[in-house]
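The values are calculated or read from the model by the stated rules, or taken from the named source; none is laboratory data. As the structure is a computational prediction, the values presented were derived from the model and not from experiment. Glycine also receives a Cβ, built like all others from the backbone with ideal geometry; neighbour counts cover every protein chain displayed.
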Amino acid sequence: MNRGRSFLIGVCAGVIAWMAEAAGDGPRFFPDDPIAVDPERQDAAGAKPRYSSGASDILATLTRRGTRHSPHALNVNTLDEVPDSSWYSNRPGATAVVPIEAVVWGRLHSGPAYGVWTILSGESDSARPRLTARDANGTIYTIKFDSTSHPELATGAEAISARLFHVLGYHTPENHLIWLHRNDLVIGRGAPVRDGDDRRRLMTPTDLDILLSKAARRRDGRYRAIAVRRPDGVDLGPFRFAGVRADDPNDIFPHEHRRELRGLRVFCAWLNHDDTRPMATQDVLIEDGNRRLVRHYLTGFDSMLGSGSVFTARPRAGDETAWVTRPVLLTALTLGFYVRPWIRPTDPGLPSVGRYEAAFFAPAMWQPPYRSPAFDRVRPDDEFWAARRVMAVNDAAIHAVVAAARYTDPLAETYLRDTLAARRDAIGRVWLNTVLPLADCRLAPTATLTCTNIAVEMDVAESAGDYRIQWYSFDNATDSRAKVGGESVSLVPVFTAPRGLMESSEFVMAEIRGRHPDHRGWAHPLRVYFRRTADGWRSVGLTRWSPGDN
Amino acid sequence: MKLLIARVSGTLVIAALLPSGALAQPTRTAQLEGQRAERARSAPPAPKTFLDKIVLLVEDKWPQPKALAPEGTFYPRVGTVTVESGLAFGGGYRRSFANDTLRADAYGQLATRGYGVGRASLSLPRLAAHTLELQGVARYRRFPQEDYYGLGPLAQRSHRTNYLIEETDVSMQLAWRPRPWLLIASQIAWLQPRVAGGTDGDVASIETRFTEATAPGLTIPTTFFEQGALALVDYRDSPSHSHSGGRYAVYVSHYDDRHDRGFDFARVTAHVEQYVPVFDAKRVVAFRFAVNHAGAANGSRVPFYYTPTFGGGDSMRSLDDLRFRDASSWILTLEYRWEAITGVDLAVYHDRGGMAPRFESLSLADADDCVGLAVRLTTGRVIFARAEVSFLGREGVRGLIGFSAPLKLERFLR
């Protein structure tokens with residue numbers, strides 16, 4: 001073999017190495033895995049606002065179904081967690097106890113300035129009156145009132161739900177309860193109003209009177225309202241639950257395969273968020289240093305818990321999709337006298353709470369009326385991820401959130417606290433047990449692997465059964481493994497690695513299966529990966545197997 | 001050794017030629033950044049299906065709502081002019097003045113079967129803190145194929161004819177709505193109807209079978225001055241798809257024959273409609289009772305084209321539209337509806353009603369009956385389509401397809 005030929009081989013090897021890297025055939029774990037932040041560094045200056053309405057929502061929902069398969073969520077890191085991004089932010093206490101300050105907008109703004117509000121626009125014909133107004137400091141808010149028939153219902157639901165979604169990690173507009181007199185509102189120059197004929201024209205004092213006549217008024221003459229701070233940036237319209245946004249180069253993961261959008265279904269079940277249309281979302285173009293970024297918000301929190309915004313939530317809300325064959329036929333053939341089980345739960349008789357209950361709540365059966373491609377792709381590992389976050393919202397945090405709604409009726413506050421906690425626990429019992437609920441695995445230098453059983457820790461599963469573990473040495477470069485030793489059994493999630501494995505390997509992998517008489521999901525394997533570092537063994541990977549996975 | 005050096009040097013040459021960092025230790029961050037950079041360089045993903053393209057077009061190109069409505073707007077009108085008029089197309093123009101204190105509106109519509117309507121109005125809609133509206137209306141309508149079977153409950157189906165009616169009217173209305181559920185209104189109108197033979201070649205024209213004696217007003221044209229008053233209480237939860245609440249209306253009017261050709265008459269209509277939700281508003285019992293009476297003064301008659309009608313989708317549903325006419329009529333409807341699935345209601349109903357030449361001759365016992373089944377498509381707030389089949393009526397089974405809610409109340413204000 002001459003030198004020229006060897007040089008050529010070297011060139012080929014270089015090209016192949018580069019192509020392999022370019023094609024993504026690198027090692028399973030990169031040095032910076034697991035990433036905590038998804039690097040979204042492209043300038044999204046080209047993102048343009050887009051139209052949205054009820055009709056376009058329905059059209060998009062019907063036509064944009066996304067891909068049919070349901071792979072592992074694409075935007076999770078190697079520990080199966082969601083890194084911070086323009087979609088999601090891991091708040092303090094995401095998987096442990098939520099600090100109370102996190103639920104009262106903690107570090108955020110202090111709320112609207114005291115003084116006169118200048119109205120920028122209004123909707124006098126809306127069933128739920130609303131205004132856009134500027135406070136004394138010049139900050140713009142949407143001011144939403146309760147309907148006369150249901151004081152505190154919608155404002156209470158919005159105050160609670162927005163805070164909880166914020167705690168759970170989503171971007172939500174900040175809101176504050178306010179109490180207004182008619183004299184606190186001044187119509188701004190050129191402020192339009194949409195009137196009863198669906199026409200937008202200049203607002204007059206009579207329009208404001210008409211608008212306020214539809215708002216619940218307290219005995220002291222003030223109106224209770226919720227002021228929702230408009231997110232800074234350019235409103236780009238709603239996001240969709242499938243596909244990617246064409247004008248955002250950072251948006252590379254199809255939305256139906258984003259973990260936080262799939263897992264949203266669990267949070268919606270908890271809070272009975274039955275209006276999960278794109279219209280209840282908002283993309284905002286923000287300045288981020290010298291580039292622009294599209295940030296994705298959840299909005300529209302007034303139709304949650306027991307609220308249907310203007311009235312109490314309908315019995316259907318959250319319990320059934322539009323078409324289910326058997327109940328439909330039974331209903332049709334029995335002149336409607338067949339009563340679906342979800343209709344039976346009664347209104348607790350608290351006007352400010354509406355129809356929200358825990359006794360009949362079955363998390364797995366909960367369905368939003370609008371089908372979402374992301375919800376359709378949800379997998380047990382997505383549900384586990386979300387359920388763990390729900391369970392992290394402890395009773396103290398729930399108390400703090402409900403207190404923020406400032407209900408006049410103490411019974412309403414008590415009822416909501418209890419119901420939120422009961423539904424939270426119901427979610428934990430179901431969705432923490434559909435996979436093997438081990439997490440936070442640590443491999444000590446002493447070769448002891450310790451995991452936490454989240455379901456047992458959260459008291460939603462008995463610690464019955466056992467765990468079987470198989471150890472492997474792992475070749476990161478080739479993503480291959482070699483069995484070391486035989487399978488061992490333990491009654492608790494604490495295991496010891498075979499002698500010699502840790503001395504000879506840079507990476508160690510363990511596959512764990514559980515066994516529980518009540519929870520078949522525990523049998524699905526969990527793989528954990530550790531990398532040797534100067535400080536010991538670092539957890540770099542975790543994969544949960546779900547039913548149907550190969 | 002030399003061979004190894006040659007291979008390494010080849011690799012180094014490639015490394016030097018490739019973008020910097022290409023052979024650096026890869027990271028997840030670099031991998032994701034690379035994908036995004038590639039995404040930024042490449043064209044945006046194209047829509048895969050035709051429907052995707054449509055959605056994108058709607059989202060990207062549809063104009064955002066303007067801050068204020070334009071003062072003047074052209075608009076299309078598609079639908080029907082009246083029952084069995086055929087599909088109608090047209091358009092209009094509306095314009096507001098002085099921040100919508102004054103409104104002008106004009107439209108025209110032509111239907112496939114030759115029906116047509118035109119209307120122009122000028123209104124002050126927001127007087128007295130939006131509770132009072134004053135409106136002037138000029139209207140023209142041309143209905144060329146209206147059915148007429150003769151007067152009275154014994155009119156034979158085989159006597160079906162058709163006629164043309166053209167009507168021009170100019171009216172002034174004052175409507176007061178002190179509460180959202182209460183409307184009190186009065187109107188004066190000048191009406192000029194003209195009747196002629198019908199244009200439906202498949203049915204005999206009216207003059208071939210009826211005379212002035214059997215169809216009053218057929219050959220004697222005249223002009224009317226109408227004075228009417230309306231009281232309406234309407235507290236239904238959703239007017240176009242009601243689940244609870246009620247509607248009660250009384251309309252009284254007097255028609256003065258301006259040419260003294262013997263057609264002075266008065267008209268009274270009373271309408272009661274009630275909706276009772278059963279259990280959770282997914283089941284509703286609907287009740288409707290309506291009485292119509294048109295009575296002429298001594299020596300006068302009621303023109304046949306203004307006599308109350310009986311039969312059709314908003315009356316006795318087992319009968320054809322306009323099947324009977326007489327001075328007095330009543331209709332009672334009892335309906336049970338239930339929601340099968342979101343967007344689809346089912347219903348069973350019983351209609352009972354009758355007519356008579358005099359109000360005191362109306363009898364609850366001597367009446368027509370029918371029962372029926374209905375399927376209705378709804379949006380929750382609106383019934384936008386319905387299919388109904390009526391049985392046991394005196395003229396057999398009859399089906400109908402409609403595009404509005406049943407139990408419609410006659411429009412009194414022009």
(message) Residues that are among the aromatic types (Phe, Trp, Tyr) and over 26 Å from the mean Cα position of the chain (by Cα), at least 2 per element: which strands (runs of 3 or more DSSP E) completely within the range A:426-541 meet that?
(response) A:466-475, A:526-533
(request) Take the range A:451-488 and flag every residue that is more than 30 Å from A:Asp425 (Cβ to Cβ) and among the aromatic types (Phe, Trp, Tyr). (result) A:Trp471, A:Tyr472, A:Phe474
(message) Among the numbered criteria (1) modelled with pLDDT under 80; (2) part of a helix (DSSP H, G or I), which one does A:Thr419 miss?
(response) (1)
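State the number of residues belonging to the range A:499-550 that are loosely packed, with under 15 Cβ neighbours inside 10 Å and either within 24 Å of A:Ser463 (Cα to Cα) or not charged (D, E, K, R) (or both). It would help to see each step written out before you state the result.
Filtering the range A:499-550 down to residues loosely packed, with under 15 Cβ neighbours inside 10 Å leaves A:499-500, A:503-504, A:506, A:517-518, A:520, A:533-536, A:547-550.
Next, only the ones that are either within 24 Å of A:Ser463 (Cα to Cα) or not charged (D, E, K, R) (or both) stay: A:500, A:504, A:517-518, A:520, A:533-534, A:536, A:547-548, A:550.
Number satisfying all stated conditions: 11.
Over 29 Å from B:Gly118 (Cα atoms), without any contact (Cβ under 8 Å) to a residue 24 or more places away in the chain and either within 14 Å of chain A (Cβ to nearest Cβ) or more than 20 Å from the chain's Cα centre (by Cα) (or both), is that true of B:Ser363? Full working, then the answer.
On the way: over 29 Å from B:Gly118 (Cα atoms): yes; without any contact (Cβ under 8 Å) to a residue 24 or more places away in the chain: yes; either within 14 Å of chain A (Cβ to nearest Cβ) or more than 20 Å from the chain's Cα centre (by Cα) (or both): yes.
Yes, satisfied.
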(request) Looking only at the range A:146-154, decide whether some residue is out of contact with any strand residue (DSSP E or B) (no Cβ under 7 Å at 6 or more places or on another chain), crowded, with 24+ Cβ neighbours inside 10 Å and more than 11 Å from A:Ala225 (Cβ to Cβ). (result) no
(message) Just the residues that are closer than 14 Å to A:Val116 by Cβ and outside any strand (DSSP E or B), please, taken from the range A:139-188.
(response) A:Thr139, A:His181, A:Arg182, A:Asn183, A:Asp184, A:Gly188
(request) Output the number of the condition that B:Ile188 fails; it satisfies all remaining conditions of (1) touching a helix residue (DSSP H, G or I) at 6+ places or on another chain (Cβ under 9 Å); (2) outside any loop (DSSP other than H, G, I, E, B); (3) exposed (fewer than 15 other Cβ atoms within 10 Å of the Cβ). (result) (1)
(request) Search the range B:257-283 for residues being more than 17 Å from B:Thr333 (Cβ to Cβ) and among the small types (Gly, Ala, Ser), and hand back the single one that is farthest from the chain's Cα centre (by Cα). (result) B:Gly262
(request) Out of the residues in the range B:318-360 that are polar (S, T, N, Q) and closer than 20 Å to B:Gln156 by Cα, state the one that is farthest from the other protein chains (Cβ to nearest Cβ). (result) B:Ser328
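Take the range B:244-262 and flag every residue that is free of Cβ contacts under 8 Å to residues at least 24 places away in the same chain and under 30 Å from B:Val284 (Cβ atoms).
If the condition is that a residue be free of Cβ contacts under 8 Å to residues at least 24 places away in the same chain and under 30 Å from B:Val284 (Cβ atoms), then B:Val250 is the only one that fits.
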(request) List every residue pair whose Cβ atoms lie under 7 Å apart, where the two residues are 6 or more positions apart in sequence or sit on different chains, the first residue falls within the range B:267-286 and is free of Cβ contacts under 8 Å to residues at least 60 places away in the same chain and within 11 Å of chain A (Cβ to nearest Cβ), and the second residue, located anywhere, is hydrophobic (A, V, I, L, M, F, W, C) and not in a strand (DSSP E or B). (result) B:Asp280/A:Ile343
(message) Out of everything in the range A:232-255 that is β-branched (Val, Ile, Thr) and at the interface with chain B (Cβ under 9 Å from one of its Cβ atoms), what residue ends up being nearest to A:Pro83 (Cα to Cα)?
(response) A:Ile252
(message) What are the pairs with Cβ atoms under 7 angstrom where one residue, in the range B:77-104, is over 23 Å from B:Leu122 (Cα atoms) and more than 14 Å from chain A (Cβ to nearest Cβ) and the other, located anywhere, is of a type in the set (Phe, Trp, Tyr) and part of a loop (DSSP other than H, G, I, E, B)? Sequence gap at least six, or different chains.
(response) B:Thr82/B:Tyr115; B:Ser85/B:Tyr115; B:Gly86/B:Tyr115; B:Ala88/B:Tyr115
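Output the number of residues of the range B:371-413 satisfying the condition of being crowded, with 17+ Cβ neighbours inside 10 Å and over 19 Å from the mean Cα position of the chain (by Cα).
Going residue by residue through the range B:371-413, those that are crowded, with 17+ Cβ neighbours inside 10 Å are B:371-372, B:374, B:376, B:378, B:383, B:386, B:388, B:390, B:393, B:398, B:400, B:402, B:405-407, B:409, B:412-413.
After this cut, where a residue has to be over 19 Å from the mean Cα position of the chain (by Cα) as well, the list is B:371-372, B:390, B:393, B:398.
The number of residues fulfilling the criteria is 5.
Among the residues that make up the range B:211-233, is at least one of them aromatic (Phe, Trp, Tyr), farther than 26 Å from B:Arg258 by Cα and touching a residue at least 12 places away in the same chain (Cβ under 8 Å)?
Within the range B:211-233, the subset aromatic (Phe, Trp, Tyr) is B:224-225.
Then drop every residue that is not farther than 26 Å from B:Arg258 by Cα, which leaves none.
No - not one qualifying residue is present in the range B:211-233.
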(request) Mind counting the residues in the range B:191-226 that are of a type outside the set (Lys, Arg) and assigned to a strand (DSSP E or B)? (result) 11
(request) Those residues that are modelled with pLDDT of 85 or more and farther than 15 Å from A:Asp347 by Cβ, I need them from the range A:303-314; list them, please. (result) A:Ser303, A:Met304
(request) Might you let me know whether the range A:413-430 holds any residue that is farther than 29 Å from A:Lys144 by Cβ, of a type outside the set (Gly, Ala, Ser), buried (at least 17 other Cβ atoms within 10 Å of the Cβ) and touching a Lys or Arg at 6+ places or on another chain (Cβ under 8 Å)? (result) no
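Does at least one position in the range A:347-363 carry a residue that is at pLDDT 80 or above, outside any loop (DSSP other than H, G, I, E, B), buried (at least 19 other Cβ atoms within 10 Å of the Cβ) and not polar (S, T, N, Q)? Even if it seems obvious, please write down each step before you answer.
Residues of the range A:347-363 that are at pLDDT 80 or above, as a first pass: A:348-363.
Now narrow it down to the ones that are outside any loop (DSSP other than H, G, I, E, B): A:363.
Right, trim to buried (at least 19 other Cβ atoms within 10 Å of the Cβ) and you get A:363.
Still in the running and not polar (S, T, N, Q): A:363.
Yes, some residue in the range A:347-363 is at pLDDT 80 or above, outside any loop (DSSP other than H, G, I, E, B), buried (at least 19 other Cβ atoms within 10 Å of the Cβ) and not polar (S, T, N, Q).
May I ask you to list the residues in the range A:196-231 that are assigned to a strand (DSSP E or B) and either facing chain B (nearest Cβ under 8 Å) or touching a Cys at 6+ places or on another chain (Cβ under 9 Å) (or both)? Spell out how you get there, then give the answer.
The initial filter retains those residues of the range A:196-231 that are assigned to a strand (DSSP E or B), namely A:200-202, A:215, A:217, A:223-229.
Within the range A:196-231, A:Arg200, A:Arg201, A:Leu202 qualify.
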(request) Filter the range A:23-46 down to the residues that are more than 8 Å from chain B (Cβ to nearest Cβ) and at pLDDT below 65, then identify the one that is surrounded by the fewest Cβ atoms within 10 Å (Cβ to Cβ). (result) A:Ala23
(message) I'd like to verify a number: residues in the range B:132-183 that are buried (at least 16 other Cβ atoms within 10 Å of the Cβ), touching a Phe, Trp or Tyr at 6+ places or on another chain (Cβ under 9 Å) and polar (S, T, N, Q), how many?
(response) 5
(request) Hey, can you tell me all the residues within the range A:433-449 that are in contact (Cβ under 8 Å) with a residue 12 or more places away in the chain, out of contact with any Cys (no Cβ under 7 Å at 6 or more places or on another chain) and farther than 16 Å from A:Arg513 by Cβ? (result) A:Arg442, A:Leu443, A:Ala444, A:Pro445, A:Ala447, A:Thr448
